[in-house]
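> Okay, handing you the structure first.
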Amino acid sequence: MPDATKVRNQVSDAYTEAINKATGCCGPTCCGPTKYYDPEVVADLPATPSFGCGDPLAFSEVEAGQTVVDLGSGAGLDLLVAAKKVGSAGHVIGVDMTDAMIEVARKNVASAGFSQVEVRKGIIEDLPIEDGTVDWVISNCVINLSPEKERVFAEIARVLRPGGHMLVSDIVAEDLPAWVRESPFLTNACIGGAISEKAYLGGLEAAGLVDVEVVEKVTYTSESLLASLKSDFPQMGGAAEVIWEEIGPQFEGKVHSIRVRARKA
Ligand SMILES: C[S@@+](CC[C@H](N)C(=O)[O-])C[C@H]1O[C@@H](n2cnc3c(N)ncnc32)[C@H](O)[C@@H]1O
């Protein structure tokens with residue numbers, strides 16, 4: 001099995017476990033919108049677990065009637081927020097490779113009553129989307145997980161129509177030691193596979209996108225990274241603090257959550 005397929009399978013297994021735990025413990029503290037979303041935007045939506053690292057649509061100008069594609073749509077929170085923006089004349093397509101996530105997202109879309117939203121199974125390195133048909137590509141904490149980021153950047157450029165936009169929320173990291181990059185757990189946790197901001201922006205430009213810019217950047221402290229890991233992977237339990245005491249300081253100031261914008265000329 002090629003290495004990239006192995007990494008995707010490992011990531012998919014981790015998010016199957018994460019969504020099963022998240023829906024299994026559904027309650028006021030672990031389901032529903034996270035701190036990133038304006039409470040007013042999500043108040044009327046079904047409680048939907050989020051594994052994102054920002055609110056990409058808050059930085060977009062998505063309009064009624066447009067087509068939005070969400071790469072790695074997870075349980076579907078950004079699909080629901082996008083559906084409100086595009087309205088019934090628009091079209092929102094989520095793409096994800098993990099069956100358990102797709103199932104939960106489809107349930108959430110049905111429960112919100114949004115007929116303009118569909119979720120397609122596929123990989124973001126080979127999108128099940130036609131060339132030049134999309135107004136906005138969004139994504140929330142997913143591209144860092146891809147072992148083939150150049151393919152993802154090329155796919156974004158392929159599916160956007162001329163003049164279409166990309167707005168993604170993602171993780172970038174500088175100077176992480178090799179053992180972090182090689183750790184399956186830290187890769188699944190959106191840290192190990194994160195590339196530098198320079199490589200990220202350069203990758204988008206190399207794919208032919210223009211006006212590439214970071215519109216928001218938040219640097220994690222060791223404590224905030226631990227809190228985010230525990231929320232996505234509650235199965236870590238109390239072991240998290242013990243391990244983090246040892247390794248956490250190595251991440252201080254090196255891991256960032258960014259909102260990146262780009263356009264197809
Ligand atoms: C960190 S979660 C983010 C989910 C969602 N965007 C959110 O904000 O809650 C990553 C999601 O991306 C999906 N994913 C990761 N790599 C992928 C790939 N190469 N192709 C398709 N889906 C992928 C996973 O199955 C999972 O649902």
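Computed from the coordinates by the stated procedures, all read-outs in this text should not be read as laboratory data. Remember, predicted model here, so these are calculated numbers, not experimental data. Don't worry about glycine lacking a Cβ; one is built from the backbone with ideal geometry, like all the others, and counts go over all protein chains shown.
> With 10 angstrom as the radius, rank 67, 16, 5 by how many other C-beta atoms surround their C-beta, starting from the fewest.
Sorted ascending by nearby Cβ count, the order is 5, 16, 67.
> Please list, in chain and number order, the residues 5+ apart from residue 73 or on another chain whose amide H is under 5 Å from its amide H, with Hs placed from the backbone.
95, 96
> Then there is this: Distance cut-off 18 Å, Cα to Cα: go down the list 149/198; 21/230; 35/230; 35/217; 21/121; 21/254 and report the pairs above it.
Pairs exceeding 18 Å: 21/121; 21/254.
> Can you give the calculated 222 nm mean residue ellipticity of the chain, where each DSSP H run of n ≥ 4 adds -39,500 (n - 2.57) and the sum is split over every residue, rounded to the nearest 500 deg cm²/dmol? Please report the intermediate quantities before stating the final value.
Details: 10 runs with 100 residues, N = 265.
Using -39500 (n - 2.57) per qualifying helix, the result is -11000 deg cm²/dmol.
> Over the range 52-98, what lengths in whole Å, largest first, do the semi-axes of the equivalent ellipsoid take, defined as the square roots of 5 times the eigenvalues of the alpha-carbon gyration tensor?
17, 13, 8
> Something else about it: Let me test this: with uniform point scatterers at the alpha carbons of the range 127-234, what is the Debye-based log₁₀ I(q)/I(0) at q = 0.10, 0.16, 0.21 1/Å?
Log10 of I(q)/I(0), two decimals: -0.32, -0.77, -1.17.
> A further question follows. Calculate, in nm to one decimal, what residue 215 and residue 178 gain on full extension: separation in residues at 0.36 nm each, minus their alpha carbon distance.
Details: separation 37, 0.36 × 37 = 13.32 nm, distance 2.90 nm.
Full extension from residue 215 to residue 178 adds 10.4 nm.
> Mind checking the dipole of the range 3-263: about its Cα centre, +1 per Lys or Arg Cβ, -1 per Asp or Glu Cβ, Debye to the nearest 20?
380
> Using a/c under 1.5 as the rounded threshold, could you call the chain rounded, prolate or oblate? The axes a ≥ b ≥ c are square roots of the C-alpha gyration tensor eigenvalues, and prolate needs a/b larger than b/c, oblate otherwise.
It comes out oblate by the Cα gyration axes.
> Also: Based on other C-beta atoms within 10 Å, arrange 15, 36, 220 from fewest to most.
36, 220, 15
> Among 230, 198, 85, determine the one that fluctuates most according to a GNM of the chain built with springs between C-alpha atoms less than 10 Å apart.
Taking springs between Cα atoms under 10 Å, the residue moving most is 198.
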